[in-house]
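Worksheet: one structure, shown below.
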Amino acid sequence: MSALTDRFGRVHNYLRISVTDRCNLRCLYCMPEEGMQFEPAENLLTYDQIAEVVRAGASLGISKLRITGGEPLVRPGLADLVKQLSAIPGINDISLTTNGILLADQAEALREAGVNRVNISLDTLDPARFKFIARRGDLQRVLKGIEAAAKVGFAPIKLNCVLLKGVNEDEIAAFLRMAYEQPLHVRFIEYMPIGHADDNWRNHYLPLTRVLEIAQENGLNVAQIDDVKGNGPSDDYRIEGGKGSFGLIHPISDHFCKRCNRLRLTADGHIHPCLYWVDELNVKPALGDPAKLLELFGRAMDLKPQNHEMAAKLANESLSHEPTSRRMSQIGG
Ligand code: SAM
Ligand code: SF4
């Protein structure tokens, strides 16, 4: 039995690492437009410290890493971290989630350093709407980032599209067309109430059953598949005759906790066992002591809950435990 098996028999081989809580965008489902307080640089784990935590995890069975944030590409020297992580015995897959704004400049260095795959967030194909959702940056740079990712050979390239009722649901057909015409994997994601379960979420949450309805309304024949490379909890589909594929990540309308294989490391050095709940373990007191780090991973297994309760939150039911007050950008979505 793997050392990272929790009380419910789930084996953990996947660590998502937030390298910064900072970001060059302010997506409306993730951060407020103004007034974000970021961690002072001295509170972030250094790259050497991140590598130390990963070495401990790898000795217990972690083999896959995802670098995320905040926006990971705003942290200087990210390729150096990737090089360090890819040399750790047992690590065989390093992926990246980015908003794509800085990707065109960094894609090649990251690929050479050892990133295998990228997920790029893209919630709209309309430049004006991009300004409305992301509040900063511009769509053209993201599209250039996607192009650069393809050019340097990242495969598969996945696009993360958070669906928001009344904001971008009218673009589902356009994203499906993209997945039909291009060798991309479009992942539609349900809006989650992480750290700010407020009216914004209730007003804009959209269950992903809409995507399959729209595929049908547009005459697309879709078939479920299970060969998309990655560690994701998505239900994946191919469109008959198309070049790409799409996936549905529906933590609320149909949660995937039974398949959960992941732990998270926050930028300020906490192992966060479940995205939704408050529990986490500070790694800083254990740095420099491999036995203590191993023990922390064991405690994370004990803390891991059976499931989140986002659906109960939507239904205004009482919750069994306390949700985290951290934002997605602080945990590493
Ligand atoms: N900045 C990078 C990016 O946007 O790709 C990486 C960090 S971001 C927190 C990781 C992913 O979480 C993105 O795909 C983003 O769309 C998604 N995300 C952020 N807040 C979310 C929320 N409340 N519900 C669902 N997905 C969310
Ligand atoms: Fe930044 Fe990513 Fe959050 Fe958007 S989703 S604000 S790009 S961290």
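Brief remarks follow.
- Residues that are out of contact with any strand residue (DSSP E or B) (no Cβ under 7 Å at 6 or more places or on another chain), within 15 Å of ligand 2 (Cβ to nearest atom) and open to solvent by less than 20 Å² (accessible area, probe 1.4 Å), drawn from segment 79-102: ILE101
- The residues in segment 25-60 that are farther than 21 Å from TRP201 by Cβ and open to solvent by less than 40 Å² (accessible area, probe 1.4 Å) can be counted, and the count is 11.
- Listed by first and then second residue, the pairs with beta-carbon distance under 6 Å, at least 6 apart or on different chains, first residue in segment 316-330 and assigned to a loop (DSSP other than H, G, I, E, B), second within 11 Å of ligand 1 (Cβ to nearest atom), are THR324/GLY195; SER325/GLY195; ARG326/GLY195; ARG327/GLY195.
For every residue, the table says whether it meets (1) assigned to a strand (DSSP E or B); (2) more than 16 Å from ligand 1 (Cβ to nearest atom); (3) basic (Lys, Arg).
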{"residue": "CYS30", "(1), (2), (3)": "no, no, no"}
{"residue": "MET36", "(1), (2), (3)": "no, no, no"}
{"residue": "LEU45", "(1), (2), (3)": "no, yes, no"}
{"residue": "GLN49", "(1), (2), (3)": "no, yes, no"}
{"residue": "GLY57", "(1), (2), (3)": "no, yes, no"}
{"residue": "ILE67", "(1), (2), (3)": "yes, no, no"}
{"residue": "GLY70", "(1), (2), (3)": "no, no, no"}
{"residue": "ALA79", "(1), (2), (3)": "no, yes, no"}
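- Test: residue in segment 104-117 that is β-branched (Val, Ile, Thr) and either surrounded by fewer than 23 Cβ atoms within 10 Å (Cβ to Cβ) or closer than 27 Å to GLU34 by Cβ (or both): no
- In segment 238-282, the qualifying residues are those that are open to solvent by 20 Å² or more (accessible area, probe 1.4 Å) and in a helix (DSSP H, G or I), and the one that is nearest to SER95 (Cα to Cα) is ARG259.
- Scanning segment 203-237 for residues that are open to solvent by less than 70 Å² (accessible area, probe 1.4 Å) and part of a loop (DSSP other than H, G, I, E, B) yields TYR205, LEU206, PRO207, LEU208, GLY219, LEU220, VAL228, GLY230, ASN231, GLY232, PRO233, SER234.
- Subset of segment 44-78 [of a type in the set (Ser, Thr, Tyr) and more than 13 Å from ligand 2 (Cβ to nearest atom)]: THR46, TYR47, SER59, SER63
- Annotation: of all residues in segment 159-173 being in contact with a strand residue (DSSP E or B) (Cβ under 7 Å, 6 or more places away or on another chain), open to solvent by 10 Å² or more (accessible area, probe 1.4 Å) and of a type outside the set (S, T, N, Q), the one that is farthest from ASP126 (Cα to Cα) is VAL162.
- Residues that are within 14 Å of ligand 1 (Cβ to nearest atom) and either among the hydroxyl-bearing types (Ser, Thr, Tyr) or buried (at least 18 other Cβ atoms within 10 Å of the Cβ) (or both), drawn from segment 302-326: HIS308, MET310, LYS313, PRO323, THR324, SER325, ARG326
- Considering the conditions (1) in contact with a Phe, Trp or Tyr (Cβ under 8 Å, 6 or more places away or on another chain); (2) assigned to a helix (DSSP H, G or I); (3) open to solvent by 20 Å² or more (accessible area, probe 1.4 Å), GLY137 is excluded by exactly one of them, (2).
The values are calculated or read from the model by the stated rules, or taken from the named source; none is laboratory data. Because the structure is a prediction, the values reported are computed rather than measured. All Cβ positions, even for glycine, are placed from backbone atoms using ideal geometry, and neighbour counts span all protein chains on display. With ligands, DNA and RNA removed, areas are computed over all heavy atoms of the protein, side chains included. Shrake-Rupley method; radii C 1.70, N 1.55, O 1.52, S 1.80 Å.
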